[in-house]
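Trainee: I'd like to ask you about the structure that follows.
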Amino acid sequence: TDSAQTADAPPIDPPVIPPERDLFTKYDALIAERQALLDTGVRDPFAIVMDEVKSPTVAVIKGKETILLGTYNYMGMTFDPDVIQAGKDALDRYGSGTNGSRVFNGTFHGHADVEAALREFYGTTGAIVFSTGYQANLGMISALAGKGEYIILDADSHASIYDGCSMGNAEIVRFRHNSVEDLDKRLGRLPPEPGKLVVLEGVYSMMGDVAPLKEMVAVAKKHGAMVLVDEAHSMGFFGPHGRGVYEEQGLEDQVDFVVGTFSKSVGTVGGFCVSNHPKFEIMRFVSRPYIFTASLPPSVVATAAASIRKLMYAHNKRAHLWANSRRLHGGLTEMGFTLGTRTPESAIVAVILKDQTQAVAMWQALLEGGLYVNMARPPATPAGTYLLRCSVCAEHSPEQIETIIAMFRAAGQATGAID
Ligand code: PMP
């Protein structure tokens, strides 16, 4: 495996710690499970190094040119010439970093500008940028619902949503994944007076399924709850303006907060929340993950602003992404793979495999054939499933999609995942 220790460094004797005092003892089972897997000779799916990245869809991994199908780079903006130029100009003009929090020395022109770009893109009065999407969820959820109030969330919510709940003091209520009925039932059991926040996602990232937001938002409103929707996996290609599933389902005047990320369709790093709430700005003074961390580097916010403004006019890319997603979903279904959704619902195509051994074997066979996909396993996945997660990119050519389908056929037959 790739080690941080260089070959010519002197060997270091590990410290001797009695197991009963060693805080790592609780991880022994996991360490043994990982080691047993690696001892079978497979590559570590969680330690891949991209030695060179040639485009949004091709990288060099261990000397081999590899098609990327597990990057969340949905709109392929990472190599857009205008985006790159904006980053270079900002590096020259503002330096490499801000050294500080947004509320002290860490707000530069570019942070204000990317918030303006978000307001333009979403058509909202407010936009607040956080340093990651993870922190946007932590920061919004922990600050919105406090002691004596309720957060009602989908059981399959992203880790950042769960962690936002743990960070705050509200009561947490979970409902069955995408079940409008269960949401209604659980909201109905709560006392009517306390404040309530229902947290939903437009596209669920493990299976690639879309939420019935229209029905869910109606139920939330019926019970007097505010609604936050995480649209991390839909930005740029759902809805007439690419705002997300909530826009596609006509809910712009009903969703109170939309959380998103710059790490997927935007093609850089960062997170945000947009809202029309008249008191939204107070979040900057009460949200700890906004205050107690350094702001994004100037080059990052400049690339994000350039990318967001281009995404507003990316209709061709959008159409391409959908065509690619449908073709991949159809090709894999025809071959006999079990996918996360019966029909193509988003740009995530999740291939469900029998167990860890089959998933890793398949993942490795694909990598050796020249295709990188994401391997996902519990606890990140629902219901103990092992998945190969494919995220399609608008920049995949039709020929690449056909090559990918052929690679899946070869790897599936070699590993016995399909006949
Ligand atoms: N929300 C969802 C639904 C996500 O899938 C992710 C990242 N996978 C995040 C939030 C966090 O985004 P970021 O990478 O910007 O931290």
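Trainee: Among the residues of the stretch 253-264, count how many are out of contact with any Asp or Glu (no Cβ under 8 Å at 6 or more places or on another chain) and near the ligand (Cβ under 10 Å from one of its atoms). Break it down stepwise before answering.
Mentor: So the first thing to find is which residues in the stretch 253-264 are out of contact with any Asp or Glu (no Cβ under 8 Å at 6 or more places or on another chain), and the list is 253-257, 261-264.
Imposing the further condition that a residue be near the ligand (Cβ under 10 Å from one of its atoms) reduces the set to 261-264.
Total satisfying the criteria: 4.
Trainee: Sticking with this structure for a sec: Tell me, which residue of the stretch 149-187 that is among the aromatic types (F, W, Y) and more than 13 Å from the ligand (Cβ to nearest atom) is nearest to V203 (Cα to Cα)?
Mentor: F175
Trainee: A follow-up question, please. Only residues in the stretch 142-169 that are not assigned by TED's automatic domain parsing to the domain that holds L228 count as the first member; pair them with residues that are more than 16 Å from the ligand (Cβ to nearest atom) and of a type in the set (D, E, K, R), Cβ under 6 angstrom, at least 6 apart or cross-chain, and list the lot.
Mentor: So the pair list comes out empty.
Trainee: Further, regarding this structure: Take the stretch 130-148 and flag every residue that is within 11 Å of the ligand (Cβ to nearest atom) and not in a helix (DSSP H, G or I).
Mentor: F130, S131, T132
Trainee: Then there is this: Taking V199, is it of a type in the set (V, I, T), out of contact with any His (no Cβ under 8 Å at 6 or more places or on another chain), closer than 21 Å to Y246 by Cα and in the same structural domain as Q249 (by TED's automatic domain parsing)?
Mentor: Considered against the rule, which asks whether it is of a type in the set (V, I, T), out of contact with any His (no Cβ under 8 Å at 6 or more places or on another chain), closer than 21 Å to Y246 by Cα and in the same structural domain as Q249 (by TED's automatic domain parsing), V199 comes out as yes.
Trainee: Have a look at G95, G126 and point out the one that is surrounded by 16 or more Cβ atoms within 10 Å (Cβ to Cβ), away from the ligand (no atom under 16 Å from the Cβ) and in contact (Cβ under 8 Å) with a residue 60 or more places away in the chain. If you could, list the steps in order and put the result at the bottom.
Mentor: Values: G95 fails: surrounded by 16 or more Cβ atoms within 10 Å (Cβ to Cβ).
After applying the criteria, what remains is G126.
Trainee: Which residues, taken from the stretch 144-156, are of a type in the set (G, A, S) and surrounded by fewer than 20 Cβ atoms within 10 Å (Cβ to Cβ)?
Mentor: G146, G148, A155
Trainee: Sticking with this structure for a sec: Within the stretch 261-375, which helices (runs of 4 or more DSSP H) (wholly inside it) include 2 or more residues that are touching a Leu at 6+ places or on another chain (Cβ under 7 Å)?
Mentor: 298-311, 315-335, 356-369
Trainee: K214 fails exactly one of the following numbered conditions: (1) charged (D, E, K, R); (2) more than 15 Å from the ligand (Cβ to nearest atom); (3) part of a loop (DSSP other than H, G, I, E, B); (4) closer than 20 Å to V258 by Cβ. What is the number of that condition?
Mentor: (3)
Trainee: Follow-up. I'd like the full set of residues that are part of a strand (DSSP E or B) and crowded, with 23+ Cβ neighbours inside 10 Å, limited to the stretch 376-403.
Mentor: Filtering the stretch 376-403 for residues part of a strand (DSSP E or B) gives 376, 386-391.
Those that are part of a strand (DSSP E or B) and crowded, with 23+ Cβ neighbours inside 10 Å: L387, L388, C390, S391.
Trainee: Taking the options G239, G271, G267, G250, name whichever one is more than 9 Å from the ligand (Cβ to nearest atom), surrounded by 24 or more Cβ atoms within 10 Å (Cβ to Cβ) and of a type outside the set (A, V, I, L, M).
Mentor: Of G239, G271, G267, G250, the one residue that is more than 9 Å from the ligand (Cβ to nearest atom), surrounded by 24 or more Cβ atoms within 10 Å (Cβ to Cβ) and of a type outside the set (A, V, I, L, M) is G267.
Trainee: For residues in the stretch 41-61 being in a loop (DSSP other than H, G, I, E, B) and free of Cβ contacts under 8 Å to residues at least 12 places away in the same chain, which is surrounded by the most Cβ atoms within 10 Å (Cβ to Cβ)?
Mentor: M50
Trainee: Continuing with this model, one more query. For the stretch 170-193, state whether one or more residues are within 24 Å of F285 (Cβ to Cβ), hydrophobic (A, V, I, L, M, F, W, C) and in contact (Cβ under 8 Å) with a residue 12 or more places away in the chain.
Mentor: Here is the first cut: in the stretch 170-193, the ones within 24 Å of F285 (Cβ to Cβ) are 170.
Imposing the further condition that a residue be hydrophobic (A, V, I, L, M, F, W, C) reduces the set to 170.
Okay, now just the ones that are also in contact (Cβ under 8 Å) with a residue 12 or more places away in the chain, so 170.
Looking through the stretch 170-193, at least one residue is within 24 Å of F285 (Cβ to Cβ), hydrophobic (A, V, I, L, M, F, W, C) and in contact (Cβ under 8 Å) with a residue 12 or more places away in the chain.
The values are calculated or read from the model by the stated rules, or taken from the named source; none is laboratory data. Keep in mind that this is a model prediction, so the values were computed, not measured. Virtual Cβ from ideal backbone geometry, glycine too; neighbours counted across all protein chains shown.
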